[in-house]
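A.B. asks: A single structure is presented below for examination.
The values are calculated or read from the model by the stated rules, or taken from the named source; none is laboratory data. Keep in mind that this is a model prediction, so the values were computed, not measured. We place every Cβ from the backbone using ideal geometry, glycine too, and count neighbours over all the protein chains shown.
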Amino acid sequence: MSSPNGKLTARESNALDMRYVFLALTGALFVGIIVYPLYHVLAKSFVSGSGLSLANYVKVFSNPTNFKALWNSIWMSATTSVIAMVAGTSLALFVIRTDIPCKNLLRIMLLMPYAIPPFIGAIAWTQLFGPAGYISKAYINLFGSYDVPWNIYSTGGIVLVMAMYQFPVVFITVSGALGRLDPSFEEASRMSGANAFKTMRDVTIPLVMPSIMAGTLLAFVGAISNFGIPALLGFRARFYVLTTRIYSALAIPDMPLATAMAVLLAITAGAALFVQIKFEKGQSRYTVISGKSVRPQTISLGKWRMPIFFMVVAVSLFASIVPMASMLLTSVLKYWGAPIKLSNLTLKHFSYVFNLEMARRALKNSFILAVLAATVTMALGAVVSYMSVKAKMKAAVVLDIVGTFPYAVPCTVIAIAMILAWSKPPIMLYGTLWIMLAAYLVRYMPFSIRTTRATLQQIHSSLEEAARMSGAGWLQTMRHIVVPLIKPGLIAGWILVFMPAFRELTMSVLLWSQGNETIGVVIYNMQDAGNTQIAAAISSIVLLLILVGNVIVRKVSKGQVGL
Amino acid sequence: MAQIVLKNIWKSYGKKDVVKDFSMTIDDGECFTFLGPSGCGKTVILRMIAGFERPDRGEIYIGDRLVASGEKHYSLPPESRDIGVVFQDYAVWPHKTVFQNVAYPLQIKRVHKEELKQRTNTAVAQVGLKNYEKRYPYQLSGGQQQRVALARALVPRPSVLLLDEPLNNLDANLREEMRFEIKILQREYGVTVLYVTHDQDVALAISDRILVFDKNGSIRQVGRPEELYENPNDSYIYKFMGVSNFLPADVRDGKAYLKGTGDLISDQALVNNGDMTLASRPSDVILSRENGIVAKVMRVAYLGSNFDYRLSLGAFEVRAQMDTHDALAQRLIFEPGEECRITLNKITWFDAEQAKEEVL
């Protein structure tokens, strides 16, 4: 492709130069916004006082509270992921492979917790099961007792709520693998004399085992990286994990300690993801590559059909509708704890929110940040993916890897990296809105690269070549053929970055400053300060936007993409 | 409209030389076919002519114009080469209608609206898709999509048309129909056609000349279809052109005996004495009950117009084909396990050493 003596025609050399210019600019940007800050975290964790040392790590392990946080993180995430594994796998088997009714509706409902921000979910669960929660009160009324036999502000509460928001990951990977599994494996087992149950036990589950493990490890990483749930439910119970300890360390502020804990968090999550990739590769040996839609056989559950159906419905409702309804109900009640009657309903909390300067500012900030994050990451992602997938440029493959790497880095670590890199001259972003933009770009770059790569891979290169043979130059080919073909994918990808960025909490809560609040931060602070109904009103608005966004994505991508 | 000249072309990927010192001239207005197994480099040469790849060494001319030169690191971009290409997977743009697909090359050339409309409609009608102009590709069958691709390639009246295995994805009936149409359109437009395929039936049917590659990418023979079929250079070409029988023979003074036996196969062997390999087509193996050497019937398949026999001749296997009507009239239908006698009608002789390496 390169040309040592430059004897190219004007048109070809222009096209070549432009591609390299795009690539070089993107590369420089990646080094600046991804590599430089992340390198800082690692380097800073080994610096204490004036020189290199392990003092920060000694501090982590010598202070029992810090050490305990690491241990808590690991076992809380492990327990969560085991529950998510059992729940996600059984639900996938029930919904994909058995004859229970309303399977499509159930599938969509079970995927909903994936779209609901976990911290908003945690708030909803406190409204349901907290001391004055709807379900707690119903229990007390029903049994005439003075107290409920559970406490949502506990390790058990954290694990259960966390599992509720991590099981969809297992559900998605396992149901995907079940869908791609060649049904003839199972048919062969039936023909060999095994019944439906034995086939599932001896053939189906072993064959999707790599996917079950991969999903479980993703749930582990999701749990250990989460801040909202352990913060909203754990501070009261004095149960600390790494993400919440880092938050506290930054409040002191003890930057070196926060950095050392961030590295430990990154290593734990990274190790889990490393193993996860192995399992993912293992699954590909068993699945049908053709993408042909195979029609999986369904297992008749007989007399268990309805009991299992009601069980799945119950889980689906608690995963989707119930927390949303609770959130909405809380936001329209006159006061928290008011009896649920028509006369007690009001919209005053919404009007309060819309008149609250901070809330309006936060809405505006989140909107600006999410629009910029989505636009910039999608533009860069499209360039990198095009150059690596279509132009097959080696340098682009390196950028592809660099841009995808932050996927393995927990949000808290990214936030620490931003503080380390951008709070000193020459670039002072700390205390401004833009430090959050920098963090969002790092965080969402992998998503953008993944969606743009998938979109471009579907376009066969002969479609481009046919345009060249029709007389179109490189730019014309881009404009007339490539861009129109990838547009739906780009729009869907844009929204898929916009939505999580719009309600981001974990990074923003560490990076915000007075006047630069985001929606997530305002909800968190409101809830933390006991303004339950204000938090509920803003959360309801966010949930509504997420629902609308999802509907648009499904329309645009014709059902191929969605949260 | 233009001849294609390839001069000493080299191309490698990594350390592997895919094209080695390849030279060929394709005449103006000719329908020329590259025939070879997959991986022989034929598609790479086509892509170099199209401008998607650049030769490492050597030059390519279309008409009088130098379009690529390895030594000068020069490559005219594909869109300036005045070439039409029909791709194996059609490459019909899914977001454009039939009309928009076919009109696109003219649109790029900024052809005047009226003329664009008229020329596009003519091209669409020529490939038999009149009234399908407003359809999208997903509403068309594979054969119809292939016709759109053909019309799109021809509409700017290119001087050269390149076809990369365009009939591969079509079923047998459509394939037959399309190859006639390609031939008709080629005559109509007077365009120079380079056709790349591994299917010798298509090659024999449409080509003025065929170039046969072996799997290493070397040229084995260039010639008219009937030349290749009747006078193959070697056993490789013979085998590539259709179902073949090869038998080792011992030739002594014009008489050929089946190797290791005393069976006389031919007394007209006008070749050197010694070890030779003979080749014959199944249709040239004559079955009878009285004349010829003894063979045993292993399997019979009835194919409608003929019977297909697999016979064993000692250690060797021979395929024979017999016309159904003749077989019925002469009561020459054999069951597996039966004995029969065979004579070989038309024999082609090859050097035993070369044949041993490649076909036996």
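A.B. asks: Any residue in region A:120-140 that's among the hydrophobic types (A, V, I, L, M, F, W, C): show its pairings with residues that are not in a helix (DSSP H, G or I) at Cβ separation under 6 Å, as long as the two are six or more apart or on different chains.
C.D. replies: Once the first residue is among the hydrophobic types (A, V, I, L, M, F, W, C) and sits in region A:120-140, its partners that are not in a helix (DSSP H, G or I) give A:129/A:152; A:132/A:337.
A.B. asks: Mind telling me which of the residues B:15, B:42 ends up being among the charged types (D, E, K, R) and either under 18 Å from residue B:213 (Cβ atoms) or touching a residue at least 60 places away in the same chain (Cβ under 8 Å) (or both)?
C.D. replies: On the way: B:15 fails: either under 18 Å from residue B:213 (Cβ atoms) or touching a residue at least 60 places away in the same chain (Cβ under 8 Å) (or both).
Answer to the selection: B:42.
A.B. asks: I would also like to ask the following. Every residue in region B:59-96 that is outside any loop (DSSP other than H, G, I, E, B) and either facing another protein chain (nearest Cβ under 8 Å) or among the acidic types (Asp, Glu) (or both), please.
C.D. replies: Matches in region B:59-96: B:59, B:74, B:75, B:78, B:79, B:80, B:83, B:84, B:85.
A.B. asks: Can you confirm whether region B:30-43 contains a residue that is more than 13 Å from chain A (Cβ to nearest Cβ), acidic (Asp, Glu) and surrounded by 15 or more Cβ atoms within 10 Å (Cβ to Cβ)?
C.D. replies: Yes - at least one qualifying residue is present in region B:30-43.
A.B. asks: Moving on to the next point. Taking the residues in region A:432-470 that are in contact (Cβ under 8 Å) with a residue 40 or more places away in the chain and among the basic types (Lys, Arg) as candidates, determine which candidate is farthest from residue B:86 (Cα to Cα).
C.D. replies: A:443
A.B. asks: Mind checking which residues of region A:349-370 are surrounded by 15 or more Cβ atoms within 10 Å (Cβ to Cβ), in a helix (DSSP H, G or I) and not aromatic (Phe, Trp, Tyr)? Walk me through it before giving the result.
C.D. replies: So in region A:349-370, the residues surrounded by 15 or more Cβ atoms within 10 Å (Cβ to Cβ) come out as A:349-350, A:353, A:356, A:358-359, A:361-363, A:365-367, A:369-370.
This time we only want the ones that are in a helix (DSSP H, G or I), so: A:349-350, A:353, A:358-359, A:361-363, A:365-367, A:369-370.
A:349, A:353, A:358, A:359, A:361, A:362, A:363, A:365, A:366, A:369, A:370, listed by residue number.
A.B. asks: Enumerate the pairs (first residue in region B:100-115 and in contact (Cβ under 8 Å) with a residue 24 or more places away in the chain and in a helix (DSSP H, G or I); second residue anywhere and aromatic (Phe, Trp, Tyr) and surrounded by 13 or more Cβ atoms within 10 Å (Cβ to Cβ)) with beta-carbon separation below 9 Å, excluding pairs fewer than 6 apart on the same chain, so at least 6 apart or on different chains.
C.D. replies: Going by the 9 Å Cβ cut-off, the qualifying pairs are B:101/B:93; B:104/B:93.
A.B. asks: State which residue is farthest from the other protein chains (Cβ to nearest Cβ) when the search covers only region B:120-131 and only residues that are surrounded by fewer than 19 Cβ atoms within 10 Å (Cβ to Cβ) and on the phi < 0 side of the Ramachandran plot. Before the answer, list the steps.
C.D. replies: Residues of region B:120-131 surrounded by fewer than 19 Cβ atoms within 10 Å (Cβ to Cβ): B:121-122, B:125, B:128, B:130-131.
Next, from what is left, pick out any that are on the phi < 0 side of the Ramachandran plot: B:121-122, B:125, B:130.
Working: B:121: 17, B:122: 17, B:125: 19, B:130: 22 Å.
Among residues in region B:120-131 that are surrounded by fewer than 19 Cβ atoms within 10 Å (Cβ to Cβ) and on the phi < 0 side of the Ramachandran plot, the one farthest from the other protein chains (Cβ to nearest Cβ) is B:130.
A.B. asks: Sticking with this structure for a sec: Scan B:51, B:14 and give me the residue that is within 14 Å of chain A (Cβ to nearest Cβ), touching a Leu at 6+ places or on another chain (Cβ under 8 Å), at pLDDT below 90 and at positive phi.
C.D. replies: Selected residue: B:51, the only one of B:51, B:14 that is within 14 Å of chain A (Cβ to nearest Cβ), touching a Leu at 6+ places or on another chain (Cβ under 8 Å), at pLDDT below 90 and at positive phi.
A.B. asks: Also, quick follow-up: Among the residues of region A:468-477, are any within 32 Å of the chain's Cα centre (by Cα) and either surrounded by fewer than 24 Cβ atoms within 10 Å (Cβ to Cβ) or within 8 Å of chain B (Cβ to nearest Cβ) (or both)?
C.D. replies: No, every residue in region A:468-477 fails to be within 32 Å of the chain's Cα centre (by Cα) and either surrounded by fewer than 24 Cβ atoms within 10 Å (Cβ to Cβ) or within 8 Å of chain B (Cβ to nearest Cβ) (or both).
A.B. asks: Taking region B:311-322, which residues are surrounded by fewer than 17 Cβ atoms within 10 Å (Cβ to Cβ) and either under 26 Å from the mean Cα position of the chain (by Cα) or more than 14 Å from residue B:244 (Cβ to Cβ) (or both)?
C.D. replies: First, the residues of region B:311-322 that are surrounded by fewer than 17 Cβ atoms within 10 Å (Cβ to Cβ): B:312, B:314-315, B:317.
Those that are surrounded by fewer than 17 Cβ atoms within 10 Å (Cβ to Cβ) and either under 26 Å from the mean Cα position of the chain (by Cα) or more than 14 Å from residue B:244 (Cβ to Cβ) (or both): B:312, B:314, B:315.
A.B. asks: Can residue A:225 be described as among the polar types (S, T, N, Q) and without any contact (Cβ under 8 Å) to a residue 40 or more places away in the chain?
C.D. replies: So residue A:225 fails the test.
A.B. asks: Quick one: in region B:132-141, which of the residues that are outside any loop (DSSP other than H, G, I, E, B) and not aromatic (Phe, Trp, Tyr) is surrounded by the most Cβ atoms within 10 Å (Cβ to Cβ)?
C.D. replies: Top of the filtered list is B:137.
A.B. asks: Considering each of B:188, B:226 in turn, give the residue that is surrounded by fewer than 22 Cβ atoms within 10 Å (Cβ to Cβ), modelled with pLDDT of 90 or more and either under 15 Å from the mean Cα position of the chain (by Cα) or closer than 19 Å to residue B:152 by Cβ (or both).
C.D. replies: B:226
A.B. asks: Go through A:165, A:153, A:139 for me and flag whichever is assigned to a helix (DSSP H, G or I), surrounded by fewer than 24 Cβ atoms within 10 Å (Cβ to Cβ) and aromatic (Phe, Trp, Tyr).
C.D. replies: A:139
A.B. asks: Turning to a different aspect of this structure: Search region B:207-216 for residues being in contact with a strand residue (DSSP E or B) (Cβ under 6 Å, 6 or more places away or on another chain) and not small (Gly, Ala, Ser), and hand back the single one that is nearest to residue B:155 (Cα to Cα).
C.D. replies: Initially, region B:207-216 is screened for residues in contact with a strand residue (DSSP E or B) (Cβ under 6 Å, 6 or more places away or on another chain), giving B:207-212, B:214.
Keeping just the survivors that are not small (Gly, Ala, Ser) gives B:208-212, B:214.
On the way: B:208: 23, B:209: 25, B:210: 26, B:211: 28, B:212: 30, B:214: 34 Å.
Ranking the candidates gives B:208 first.
A.B. asks: Further question: Among the numbered criteria (1) surrounded by fewer than 24 Cβ atoms within 10 Å (Cβ to Cβ); (2) modelled with pLDDT of 90 or more; (3) within 9 Å of chain A (Cβ to nearest Cβ), which one does residue B:108 miss?
C.D. replies: (2)
A.B. asks: OK, next. For residue A:74, indicate whether it is assigned by TED's automatic domain parsing to the domain that holds residue A:238 and either among the aromatic types (Phe, Trp, Tyr) or under 19 Å from residue A:314 (Cα atoms) (or both). Give the steps one after another, and end with the answer.
C.D. replies: Details: assigned by TED's automatic domain parsing to the domain that holds residue A:238: yes; either among the aromatic types (Phe, Trp, Tyr) or under 19 Å from residue A:314 (Cα atoms) (or both): no.
For residue A:74, the condition - assigned by TED's automatic domain parsing to the domain that holds residue A:238 and either among the aromatic types (Phe, Trp, Tyr) or under 19 Å from residue A:314 (Cα atoms) (or both) - is not met.
A.B. asks: So which residues in region B:229-252 are among the charged types (D, E, K, R) and buried (at least 16 other Cβ atoms within 10 Å of the Cβ)?
C.D. replies: If the condition is that a residue be among the charged types (D, E, K, R) and buried (at least 16 other Cβ atoms within 10 Å of the Cβ), then B:234, B:239, B:250 are the ones that fit.
A.B. asks: Tell me which helices (runs of 4 or more DSSP H) are completely within region B:154-265 and hold 1 or more residues being away from chain A (no Cβ under 14 Å), free of Cβ contacts under 8 Å to residues at least 60 places away in the same chain and over 30 Å from residue B:103 (Cα atoms), or say none if there are none. Write out each step before concluding.
C.D. replies: Working: elements: B:172-189, B:200-206, B:225-230, B:235-240.
The helices (runs of 4 or more DSSP H) meeting that bar are B:200-206, B:225-230, B:235-240.
A.B. asks: Restricting region B:229-262 to residues that are at pLDDT 85 or above and of a type in the set (Gly, Ala, Ser), which is nearest to residue B:282 (Cα to Cα)?
C.D. replies: Filtering region B:229-262 for residues that are at pLDDT 85 or above and of a type in the set (Gly, Ala, Ser), the one nearest to residue B:282 (Cα to Cα) comes out as B:244.
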